[in-house]
1. If the requirement is being assigned to a loop (DSSP other than H, G, I, E, B) and within 15 Å of GLU145 (Cβ to Cβ), which of these qualifies: GLY9, GLY14?
2. Need pairs with beta-carbon distance below 6 Å; first residue of a type outside the set (A, V, I, L, M, F, W, C) and within region 46-59, second part of a helix (DSSP H, G or I) and open to solvent by 20 Å² or more (accessible area, probe 1.4 Å); sequence gap 6+ or separate chains.
3. If you go through region 131-161, how many residues are part of a helix (DSSP H, G or I) and surrounded by fewer than 12 Cβ atoms within 10 Å (Cβ to Cβ)?
4. Output the residues belonging to region 65-80 that are open to solvent by less than 80 Å² (accessible area, probe 1.4 Å), hydrophobic (A, V, I, L, M, F, W, C) and touching a residue at least 12 places away in the same chain (Cβ under 8 Å).
5. For region 27-64, name all the residues that are exposed (fewer than 13 other Cβ atoms within 10 Å of the Cβ), hydroxyl-bearing (Ser, Thr, Tyr) and not in a helix (DSSP H, G or I).
6. Between a residue in region 81-108 that is of a type in the set (S, T, N, Q) and any residue that is surrounded by 18 or more Cβ atoms within 10 Å (Cβ to Cβ) and part of a loop (DSSP other than H, G, I, E, B), which pairs come within a Cβ distance under 9 Å, given they are 6 or more apart or on different chains?
7. Given (1) on the phi > 0 side of the Ramachandran plot; (2) part of a helix (DSSP H, G or I); (3) not hydrophobic (A, V, I, L, M, F, W, C), identify the lone condition not met by GLU122.
8. Out of the residues in region 109-130 that are of a type outside the set (A, V, I, L, M) and open to solvent by 90 Å² or more (accessible area, probe 1.4 Å), state the one that is nearest to ARG12 (Cα to Cα).
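The values are calculated or read from the model by the stated rules, or taken from the named source; none is laboratory data. These figures come from a predicted structure and were not determined experimentally. We place every Cβ from the backbone using ideal geometry, glycine too, and count neighbours over all the protein chains shown. For accessibility, only protein heavy atoms count, side chains too; no ligands or nucleic acids. Shrake-Rupley method; radii C 1.70, N 1.55, O 1.52, S 1.80 Å.
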Amino acid sequence: MKILGIDPGYERLGIAILEKNKGDKKETLIYSECFKTSSKLDFNERLLMIGSKIKEILKEYEPAILSIETLFLNTNQKTVMQVAEVRGIIIYLAKEHKLEIFEASPPQIKNSITGYGKSDKEQIRKMVGLLIDLPKDKKNSLDDELDAIAIALTAFAHKRF
């Protein structure tokens, strides 16, 4: 079973593919990255780039489930709206490819990974490294990439495969 974990954003998009098969003790990281778009580009161009990247990932890895973080409301409404648009494109593409959708809030993800819903980034980073075998080049990855891994791990924990 493959799960696509997404930490949504339009400047930085965390992407991870994790796999776990019957008999496996741990999930395996198949792919991850922090996909970036330039702030010099028009927002609609950035959406197109994100959509194209997600299509490419869906075609290459053929996950069964999309695990995506729900919106975390902050004071910048413009940012929230734009992240909502990114989420909409990703969910649309996932449904178009017949993926099941799993959504989790930041506190749910933190609770699933560390057992504490108010964990900080360093606690998440440490636990992700303990829960799966991260390649050496991924141990210092950007938070968005590690968050995507944590989001995928959360889906595995909730789905109880």
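1. Unique residue meeting the criteria: GLY9.
2. Filtered contacts from region 46-59: GLY51/ILE89.
3. So the count comes out to 2.
4. ILE65, LEU66, ILE68, LEU71
5. SER38, SER39
6. These pairs meet every condition: GLN82/GLY9; GLN82/TYR10.
7. Among (1) on the phi > 0 side of the Ramachandran plot; (2) part of a helix (DSSP H, G or I); (3) not hydrophobic (A, V, I, L, M, F, W, C), the lone unmet condition for GLU122 is (1).
8. Looking at residues that are of a type outside the set (A, V, I, L, M) and open to solvent by 90 Å² or more (accessible area, probe 1.4 Å), I get LYS121.
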